[in-house]
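**Q** This is the structure I want to talk about, given as structure tokens.
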Amino acid sequence: MKLHSSDFELFGLPQRFAQERSAIDSRWKDLQREAHPDRFAGQGASAQRAALQWSVRINEAYQRLKDPLKRASYLCERLGAPIDAENNTAMPPEFLMEQMEWREALDEASSEEALQELSERVLQRRREMLADIQQLLDLEGDAPAAAQRVRALMFIERFAGDVESRLAQLGQ
């Protein structure tokens, strides 16, 4: 293994969006056991430092691979279509209209039931978006189109967090 290997190479996974979370988790545990600094206690400080570097690298890769949004972003970048969310916020008009409708629904929601309904709509849209991203990356090889969907998914994730925060406020 090399420190500069891709996350997929490091974890021994195919470079694709669709991944089994259990395989990612299992491989992470195996890699952590192999690289744990305590295993190198008798080999001196430099071996322990190297093991610590490996441990950090393994954890960084794990954080990217286990999260579908981060994995999609990482894969798009690897395929030459960086997300660049800070500078590229252009979205299709129908997506922007949907976001405005959701915002209004969130502002007007006065009951837990209304918020739960909105939450389910948002989660359904998230599932659809993830399926689109998988189709674009794994089957069509269209990283630029996938990158646009990833940027949209970032909006959806942020909004889902807003809905959850509002639900938590109602529960207090």
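The values are calculated or read from the model by the stated rules, or taken from the named source; none is laboratory data. On a predicted model such as this, the values are computed, not experimentally measured, just so you know. Glycine also receives a Cβ, built like all others from the backbone with ideal geometry; neighbour counts cover every protein chain displayed.
**Q** List every residue pair whose Cβ atoms lie under 8 Å apart, where the two residues are 6 or more positions apart in sequence or sit on different chains, the first residue falls within the stretch 35-57 and is of a type in the set (S, T, N, Q), and the second residue, located anywhere, is at pLDDT 80 or above and part of a helix (DSSP H, G or I).
**A** Pairs that qualify, where the first residue is of a type in the set (S, T, N, Q) and the partner is at pLDDT 80 or above and part of a helix (DSSP H, G or I), are 55/32; 55/35.
**Q** Which one of 86, 77 is surrounded by fewer than 18 Cβ atoms within 10 Å (Cβ to Cβ), under 30 Å from residue 166 (Cα atoms) and not assigned by TED's automatic domain parsing to the domain that holds residue 152?
**A** Only one candidate qualifies: 86.
**Q** What is the residue count in the stretch 114-172 for residues that are among the basic types (Lys, Arg), more than 19 Å from residue 103 (Cβ to Cβ) and either touching an Asp or Glu at 6+ places or on another chain (Cβ under 6 Å) or touching a residue at least 40 places away in the same chain (Cβ under 8 Å) (or both)?
**A** Here the count works out to 1.
**Q** Another question about this same structure. Run residue 31 past the list (1) in contact (Cβ under 8 Å) with a residue 24 or more places away in the chain; (2) closer than 30 Å to residue 165 by Cβ and report the number of the one that doesn't hold.
**A** (2)
**Q** Which of the residues belonging to the stretch 1-28 are closer than 13 Å to residue 66 by Cβ, polar (S, T, N, Q) and not in a helix (DSSP H, G or I)?
**A** Answer for the stretch 1-28, where residues must be closer than 13 Å to residue 66 by Cβ, polar (S, T, N, Q) and not in a helix (DSSP H, G or I): just 19.
**Q** With the structure loaded, tell me whether residue 31 is in contact with a Pro (Cβ under 6 Å, 6 or more places away or on another chain) and either among the polar types (S, T, N, Q) or part of a helix (DSSP H, G or I) (or both) or whether it fails that test.
**A** No: the conditions fail for residue 31.
**Q** Let me ask you something else. Please go through the stretch 89-116 and give me each residue that is surrounded by fewer than 10 Cβ atoms within 10 Å (Cβ to Cβ) and not in a helix (DSSP H, G or I), ordered by number.
**A** 90, 110, 111
**Q** Take residue 13 and decide whether it is within 28 Å of residue 148 (Cβ to Cβ) and not assigned by TED's automatic domain parsing to the domain that holds residue 142. Let's see the steps before the verdict.
**A** Numbers: within 28 Å of residue 148 (Cβ to Cβ): yes; not assigned by TED's automatic domain parsing to the domain that holds residue 142: yes.
Considered against the rule, which asks whether it is within 28 Å of residue 148 (Cβ to Cβ) and not assigned by TED's automatic domain parsing to the domain that holds residue 142, residue 13 comes out as yes.
**Q** Continuing with the same structure: Please identify the pairs in which a residue from the stretch 80-104 that is closer than 18 Å to residue 69 by Cα has its Cβ atom under 7 Å from the Cβ atom of a residue that is surrounded by 13 or more Cβ atoms within 10 Å (Cβ to Cβ) and β-branched (Val, Ile, Thr), counting only partners at least 6 apart or on another chain.
**A** Correct list of pairs: 83/150.
**Q** Moving on to the next point. If residue 5 satisfies all but one of (1) under 24 Å from residue 130 (Cα atoms); (2) surrounded by 12 or more Cβ atoms within 10 Å (Cβ to Cβ), what's the number of the condition it fails?
**A** Just one mismatch for residue 5, condition (1).
**Q** Which numbered condition trips up residue 110, out of (1) within 15 Å of residue 166 (Cβ to Cβ); (2) at pLDDT 95 or above?
**A** Against the list (1) within 15 Å of residue 166 (Cβ to Cβ); (2) at pLDDT 95 or above, residue 110 comes up short only on (2).
**Q** Let me ask another. Against the definition (exposed (fewer than 13 other Cβ atoms within 10 Å of the Cβ), under 27 Å from residue 18 (Cβ atoms) and polar (S, T, N, Q)), how does residue 59 come out, yes or no?
**A** So residue 59 does not fit the description; no.
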